[in-house]
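Quick notes on the structure that follows.
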Amino acid sequence: MDIKKTRTFDAAEIDQRLLFGQNDVFLRIIESRFLCKIIARGEKVIIEGPPEDVERVLRLLSDLVTRLKLGDIITEQYLNYAIAMVQENGQGPAKAISTEALLTSALKKAIKPKTIGQSQYVEAVDKNDIVFSIGPAGTGKTYLAVAMAVAELKANRVNRIVFTRPAVEAGESLGFLPGDIRAKVDPYLRPVYDALYDMLQPDKIHKLLEIGVIEIAPLAFMRGRTLNEAFVVLDEAQNTTSAQMKMFLTRIGEKSKAVITGDITQIDLDDRHASGLVKVQTILKNIRGIKFIYLTEKDVIRHHLVQNIIKAYEKYENLKKKS
């Protein structure tokens, strides 16, 4: 015989429209992810189902209320993330994610961390001069790096931003591609451009590029330089060799910050073991002022099914290694 439990959640202290979603859509999402029936009656939410799931839903609703009290809004993305956290460890993420916006986008949208891992990433960049952000696609590694760079520039804490990336597919020569250097490297730094256009008006970006305040260049062009008072981002760092990684890191000058992002499951080098991002974790792991942040499928902020896709591929790869 199935044992069921009924509990009531009091939502009187918060705007129910923000908590329940338009036409109670958030409650329907919660209902679909737990073995519970959820009914909203005025300021009360009645939850009926297996005792364990009922308690989880109560903790989830409390987390959503906490998030609203902190001044944030509940989105479907946050709700799905909070559900996953409650299902995994019984606790919601509300207090562990910063509500402070890094900056306001060109479309007047506040850009801020959306997961615990992202919040740790932002905090690490604030407190350290060199930060490595390692994790799968969709975790916001590049996007947040661009946001933090733009925020530092706007606050006059740096004089310029430099974005770079190894052009592995073009063998780093780039000579056979048509156009000037920007045209040659643009295809490899498209995610950076996409993020920039989210954060700044197009005419502002074009002006900053023209005067060199924002620089976008292939990694090969970093050799021999010293980058002072700059926020430097090395994207797709899993495709650097160990020599390239050393070359890049030794370009960092006074009053500069560097963020290195990459996904060590997506190495395009012929010899995967030669990846500079793989080796640097051992070489620099105990140096003060350098921080490694590891993002996981839990930090994916795309469609919620992307987390399941990443998990499925990881399971498949692990089975292949064992066979």
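From the list D53, D63, D72, D126, the one residue that fits, being acidic (D, E) and closer than 30 Å to G253 by Cβ, is D126.
Let's see how each residue does on (1) within 21 Å of the chain's Cα centre (by Cα); (2) not in a strand (DSSP E or B):
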position	(1), (2)
A217	no, no
R225	no, yes
T261	yes, no
L269	no, yes
T282	no, yes
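Does E52 meet the test of being loosely packed, with under 15 Cβ neighbours inside 10 Å and in contact with a helix residue (DSSP H, G or I) (Cβ under 9 Å, 6 or more places away or on another chain)? When the stated conditions are applied, E52 does not pass them.
Within segment 227-240, being in a strand (DSSP E or B) and of a type in the set (D, E) holds for no residue.
Just to be sure, is A124 part of a helix (DSSP H, G or I), open to solvent by less than 10 Å² (accessible area, probe 1.4 Å) and touching a Lys or Arg at 6+ places or on another chain (Cβ under 6 Å)? Answer is yes for this residue. Considering only residues in segment 55-81 that are among the acidic types (D, E) and more than 19 Å from A110 (Cα to Cα), the one that is least open to solvent (accessible area, probe 1.4 Å) turns out to be D63. If you go through segment 17-34 and keep only what is of a type in the set (G, A, S), under 16 Å from S62 (Cα atoms) and either in a helix (DSSP H, G or I) or open to solvent by 50 Å² or more (accessible area, probe 1.4 Å) (or both), you end up with nothing. Only a single criterion out of (1) charged (D, E, K, R); (2) within 24 Å of the chain's Cα centre (by Cα); (3) closer than 30 Å to I97 by Cα is not satisfied by K255, namely (2). Taking every residue in segment 15-44 that is over 21 Å from L70 (Cα atoms) and at pLDDT below 95 and pairing it with any residue that is hydroxyl-bearing (S, T, Y) and open to solvent by less than 90 Å² (accessible area, probe 1.4 Å), at least 6 positions away or on another chain, the pairs with Cβ-Cβ distances below 7 Å are K44/T8. For E55, the stated conditions hold: it is among the acidic types (D, E) and either at pLDDT 95 or above or within 26 Å of the chain's Cα centre (by Cα) (or both).
If the requirement is being open to solvent by 80 Å² or more (accessible area, probe 1.4 Å), of a type in the set (S, T, N, Q) and in contact with a Lys or Arg (Cβ under 8 Å, 6 or more places away or on another chain), which of these qualifies: T226, T265? Exactly one of T226, T265 is open to solvent by 80 Å² or more (accessible area, probe 1.4 Å), of a type in the set (S, T, N, Q) and in contact with a Lys or Arg (Cβ under 8 Å, 6 or more places away or on another chain), namely T226. Of all the residues in segment 239-257, those that are without any contact (Cβ under 8 Å) to a residue 60 or more places away in the chain and not aliphatic (A, V, I, L, M) number 7. Just one of the listed residues (K141, K112) is surrounded by 14 or more Cβ atoms within 10 Å (Cβ to Cβ), among the basic types (K, R) and in contact (Cβ under 8 Å) with a residue 60 or more places away in the chain, namely K141.
Among the residues of segment 286-297, is any over 22 Å from E123 (Cα atoms) and in contact with a helix residue (DSSP H, G or I) (Cβ under 9 Å, 6 or more places away or on another chain)? Within segment 286-297, none of the residues are over 22 Å from E123 (Cα atoms) and in contact with a helix residue (DSSP H, G or I) (Cβ under 9 Å, 6 or more places away or on another chain). Look at G138 and say whether it is small (G, A, S), modelled with pLDDT of 85 or more and in a loop (DSSP other than H, G, I, E, B). Criteria met by G138. Within the option set K279, K291, K285, being open to solvent by 20 Å² or more (accessible area, probe 1.4 Å) and touching a Ser or Thr at 6+ places or on another chain (Cβ under 7 Å) holds for one residue only, K279.
The values are calculated or read from the model by the stated rules, or taken from the named source; none is laboratory data. What you see is a predicted model, and the numbers here were worked out from it, not measured in a lab. Cβ coordinates were reconstructed from backbone atoms using ideal geometry, including for glycine residues, and neighbour counts include every protein chain displayed. SASA here: full protein model, heavy atoms, side chains in, ligands and nucleic acids out. Shrake-Rupley method; radii C 1.70, N 1.55, O 1.52, S 1.80 Å.
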